[in-house]
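In what follows, a single structure is set out as structure tokens and then discussed.
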Amino acid sequence: MNDNTILVGADGSHASYKATWWAANYAKHMGMSLQIVCAYSLPSYAAVSFDATYTSMGDDNVAHNDAQEILSKAKAIADEQGVDAQTLIVTGDPSSVFVELSRNYNLIVIGNRGKGGLAERLLGTTSSSLPAYAYCPIVVVPYTDDKDNLLHLNNVITKVAVGSDDTKWGLRALQIAADFASNWGAELDAISVVPASTNLDDAAEKQKFEGVLDARLESIRATHPELNIRKSIVAGHAVETLTKASRTHDIVVVGSCGRGGLTGLLLNSTSQGLLQHSASPVYVVPRKFVEAEEQRMKEGETSAGETAEVKSLDEFVKEMPVERAKPEVEQQIENAIDPKAHEYQQDNK
């Protein structure tokens, strides 16, 4: 398990480069290492490869060269953040590859709103989405807003929102959100969404729900007494409430239960999906991750010989050292992923 390493997926889309920027910025803040992975599979027919190029049938050399170019650009983004990232290449279907990789990392970052490519494969449907089936938390970084306007993301986290409920994954999401906010010295906004029919103007009714939320927060206050915690009780729909919160917070943390339930609301491709409409990164805590943690706690500390569930990646993951992209290419990418790129460059001179 790579506990001190963040994995980010790059597929040549600007959305994936923006995810690389976010992951590098987070890795630098946390003192963690970063691995950038490019996954591809050779089609049995001529098809679009990665984000924009074409790969001939069975032409591994072309795909390999594409991957090198993608990784060199992503590495430039990481280097600009002061992070010396390791670059990896994986052969295989991206959806299957990233689910398998999630067994070996404690965080994977992917971009959203790319035109096809990795984002579409990993987030296109509930049944095949990475956040629903991953074995580690996933951060989904948005590229544009609902009107296709390029989004600016802050490089300092000051406000963290978390969707709070009594499910195991919801409670684990609350703990993770508290740790995240504490690491950044940020404010934590614990949001509890109650049925839309609830009358929160009734003091007794509101007090009842506040009591439930206070009970959830009790352990958080004990472990993080320094945290500035804000409580929000909202009558309405969870997705709409959390989407709205994404516009005023730097990250939204949610628990995902797997098939159906909240996951269906979070991950579907309709207007109800949080991941498709969030204006800030969404940190998803999957059910499988929570269940794996519980299993490890039941079994206790195991010896190295007993960790067979964590598979070796050597067979299909290979390091691919690449040169950093040329400055002019790096400049083009920065301008394409952040509307305030030029402004920040001027400020940092």
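The values are calculated or read from the model by the stated rules, or taken from the named source; none is laboratory data. Here the structure is a predicted model, which means the values were calculated and not measured. Cβ placement follows ideal geometry from the backbone for every residue including glycine, while neighbour counts extend to all protein chains displayed.
Condition (residue is crowded, with 18+ Cβ neighbours inside 10 Å and either outside any helix (DSSP H, G or I) or of a type in the set (S, T, N, Q) (or both)) applied to region 176-188: is it met by at least one residue?
For region 176-188, residues crowded, with 18+ Cβ neighbours inside 10 Å and either outside any helix (DSSP H, G or I) or of a type in the set (S, T, N, Q) (or both): present.
May I ask you to list the residues in region 155-171 that are part of a helix (DSSP H, G or I) and under 19 Å from Glu210 (Cα atoms)?
Those that are part of a helix (DSSP H, G or I) and under 19 Å from Glu210 (Cα atoms): Gly170, Leu171.
On the basis of being buried (at least 17 other Cβ atoms within 10 Å of the Cβ), among the polar types (S, T, N, Q) and modelled with pLDDT under 90, does Ser164 make the cut?
Here the answer is yes, as Ser164 does meet what is asked.
What number goes with the only condition from (1) of a type in the set (D, E, K, R); (2) in contact with a Leu (Cβ under 7 Å, 6 or more places away or on another chain); (3) modelled with pLDDT under 80 that Glu319 does not pass?
Only one criterion is unmet by Glu319, namely (3).
Restricting to region 241-265, what's the tally of residues that are assigned to a helix (DSSP H, G or I), touching a strand residue (DSSP E or B) at 6+ places or on another chain (Cβ under 6 Å) and modelled with pLDDT under 80?
1
Run Val253 past the list (1) in contact with a Phe, Trp or Tyr (Cβ under 6 Å, 6 or more places away or on another chain); (2) over 21 Å from Trp22 (Cα atoms); (3) not charged (D, E, K, R) and report the number of the one that doesn't hold.
(2)
Select the strands (runs of 3 or more DSSP E) contained entirely in region 1-102, then report the ones holding at least 1 residues which are at pLDDT 90 or above. Before the answer, list the steps.
Numbers: elements: 5-9, 33-40, 47-49, 53-55, 86-91.
In region 1-102, the matching strands (runs of 3 or more DSSP E) lie at 5-9, 33-40, 86-91.
Just give me the residues in region 266-302 being within 27 Å of Leu150 (Cβ to Cβ), of a type in the set (A, V, I, L, M, F, W, C) and at pLDDT 80 or above, in sequence order.
Leu274, Leu275, Ala279, Val282, Val284
So, in region 207-240, exactly how many residues are modelled with pLDDT under 90 and either more than 22 Å from Val282 (Cβ to Cβ) or surrounded by 18 or more Cβ atoms within 10 Å (Cβ to Cβ) (or both)?
2
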